[in-house]
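**Student:** My structure is below; once you've seen it, I'll send some questions.
The values are calculated or read from the model by the stated rules, or taken from the named source; none is laboratory data. Since the structure is predicted, the reported quantities are computational estimates derived from the model, not experimental observations. Because the Cβ atoms are built from the backbone with ideal geometry, glycine has one as well, and the counts that use them run over all protein chains shown. Protein only, heavy atoms only, side chains kept; ligands, DNA and RNA dropped before computing areas. Shrake-Rupley method; radii C 1.70, N 1.55, O 1.52, S 1.80 Å.
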Amino acid sequence: MTPRFTPGQLHVHSGLNDMVATARALRAVGRKIALVPTMGALHDGHRQLMRTARRLPGCVLATSIFVNSLQFGPNEDYDRYPRPLDDDLKVCEEERVELVFTPSREEMYPGGPEITIDPGPLGGELEGASRPGHFAGVLTVVAKLFTIIRPDYAVFGEKDYQQLTLIRKLERDLNLDVRIIGVPVVRDADGLARSSRNAYLSDDQRSAAVTLSGALAAGARVSAGGAEVVLESARAVLDKEPLVDVDYLELRGADLGPAPERGEARLLVAARVGTTRLIDNTAVFLGQGED
Ligand code: PAF
């Protein structure tokens with residue numbers, strides 16, 4: 001039996017079959033679905049994704065909350081990853097989400113899984129170099145969510161720029177027929193990019209973490225000088241903060257291929273602050289003024 005759907009109300013489905021049935025029933029009456037996939041611990045960055053999705057015409061706003069074991073390495077924070085489901089559902093209600101999918105690990109991965117999605121060469125670079133298997137885990141769960149919910153639109157943050165880039169490639173290469181929408185990074189007033197992992201930072205670490213966005217801004221400010229100047233300026237800012245242990249600082253093309261000599265590029269940074277790994281990125285327009 002298809003669960004009842006009342007427009008404007010919050011419906012929470014933990015069962016995969018209920019989710020499939022509701023999505024199918026909505027499609028049958030001509031409704032479109034805009035999906036915001038998340039791992040919960042919802043913050044202002046997620047609210048921004050939801051608001052973007054809500055503005056898409058004629059769409060039911062759907063969110064998934066699932067801490068995807070498949071994208072965590074053996075020494076990563078899967079067990080300690082925050083899971084404040086009641087608070088998350090309040091955020092969903094406030095943001096007028098109508099459909100929330102909260103599947104269990106058993107229901108999402110009954111067979112392990114045995115089949116996963118290969119993210120290609122980019123999956124082994126940048127984040128993928130220090131997190132083997134991470135993007136195979138992300139793309140596998142995203143492909144599953146797309147298959148279960150069959151959204152018309154899916155909204156992701158530019159904060160995880162490599163993830164967004166790979167999801168666009170996934171959609172293109174597997175002809176998934178979902179419009180992928182990227183939303184600019186949401187930052188605290190001092191520039192720190194919003195992340196569920198910021199909750200792990202002590203006060204000192206929180207102050208040091210601002211260096212990441214400071215370095216990106218310093219690089220972007222001198223973009224007219226070209227790639228080398230951008231990287232030197234950003235590196236100089238990072239080098240001044242002993243609590244920040246840089247994993248990579250890289251300048252790439254907008255599609256994460258090699259950076260062009262002139263035109264749009266992406267400056268990306270990853271660093272450990274204490275035991276917490278943080279990432280950030282910004283658009284840089286090489287060989288041109290910032291404006
Ligand atoms: O960005 C995230 O929160 C996750 O990587 C995603 C896309 C929900 C997949 O688990």
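Yes or no, residue by residue, for (1) at pLDDT below 95; (2) within 13 Å of the ligand (Cβ to nearest atom); (3) in contact with a helix residue (DSSP H, G or I) (Cβ under 8 Å, 6 or more places away or on another chain):
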position	(1), (2), (3)
Met19	no, no, yes
Leu26	no, no, no
Leu35	no, yes, yes
His46	no, yes, yes
Leu49	no, yes, no
Pro57	yes, no, no
Ser64	no, yes, yes
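**Student:** On to the next question. Which is touching a Gly at 6+ places or on another chain (Cβ under 8 Å) and closer than 17 Å to Lys159 by Cβ, of Leu243, Leu267, Leu256, Leu192?
**Tutor:** Exactly one residue qualifies, and that residue is Leu267.
**Student:** A further question follows. If you check Gly225, Gly287, Gly263, which single one turns out to be touching a helix residue (DSSP H, G or I) at 6+ places or on another chain (Cβ under 7 Å) and open to solvent by less than 60 Å² (accessible area, probe 1.4 Å)? Even if it seems obvious, please write down each step before you answer.
**Tutor:** On the way: Gly225 fails: touching a helix residue (DSSP H, G or I) at 6+ places or on another chain (Cβ under 7 Å); Gly263 fails: touching a helix residue (DSSP H, G or I) at 6+ places or on another chain (Cβ under 7 Å).
After ruling out the rest, the residue left standing is Gly287.
**Student:** Looking only at the range 123-169, which residues are polar (S, T, N, Q) and either within 13 Å of the ligand (Cβ to nearest atom) or under 26 Å from Pro74 (Cβ atoms) (or both)?
**Tutor:** Here is the first cut: in the range 123-169, the ones polar (S, T, N, Q) are 130, 140, 147, 162-163, 165.
Matches in the range 123-169: Ser130, Thr140, Gln162, Gln163, Thr165.
**Student:** Answer yes or no as to whether Glu250 is under 22 Å from Arg194 (Cα atoms) and either open to solvent by 40 Å² or more (accessible area, probe 1.4 Å) or free of Cβ contacts under 8 Å to residues at least 12 places away in the same chain (or both). I'd like the intermediate steps shown before the answer.
**Tutor:** On the way: under 22 Å from Arg194 (Cα atoms): yes; either open to solvent by 40 Å² or more (accessible area, probe 1.4 Å) or free of Cβ contacts under 8 Å to residues at least 12 places away in the same chain (or both): yes.
Taking the combined requirement at face value, the residue satisfies it.
**Student:** Of the conditions (1) aliphatic (A, V, I, L, M); (2) over 21 Å from Gly8 (Cα atoms); (3) modelled with pLDDT of 95 or more, Ala41 fails just one. Which one is it?
**Tutor:** So the condition that Ala41 fails would be (3).
**Student:** In this structure, does Arg172 turn out to be away from the ligand (no atom under 14 Å from the Cβ), among the basic types (Lys, Arg) and touching a residue at least 24 places away in the same chain (Cβ under 8 Å)? First the steps, then the outcome.
**Tutor:** Values: away from the ligand (no atom under 14 Å from the Cβ): yes; among the basic types (Lys, Arg): yes; touching a residue at least 24 places away in the same chain (Cβ under 8 Å): no.
Answer is no for this residue.
**Student:** Another question about this same structure. Please determine whether any residue of the range 142-161 is without any contact (Cβ under 8 Å) to a residue 12 or more places away in the chain and either closer than 21 Å to Leu42 by Cβ or open to solvent by 30 Å² or more (accessible area, probe 1.4 Å) (or both). Give the steps one after another, and end with the answer.
**Tutor:** Narrowing the range 142-161 to residues without any contact (Cβ under 8 Å) to a residue 12 or more places away in the chain: 147.
Add one more test, that the residue is either closer than 21 Å to Leu42 by Cβ or open to solvent by 30 Å² or more (accessible area, probe 1.4 Å) (or both), and what stays is 147.
Yes, the range 142-161 contains a residue that is without any contact (Cβ under 8 Å) to a residue 12 or more places away in the chain and either closer than 21 Å to Leu42 by Cβ or open to solvent by 30 Å² or more (accessible area, probe 1.4 Å) (or both).
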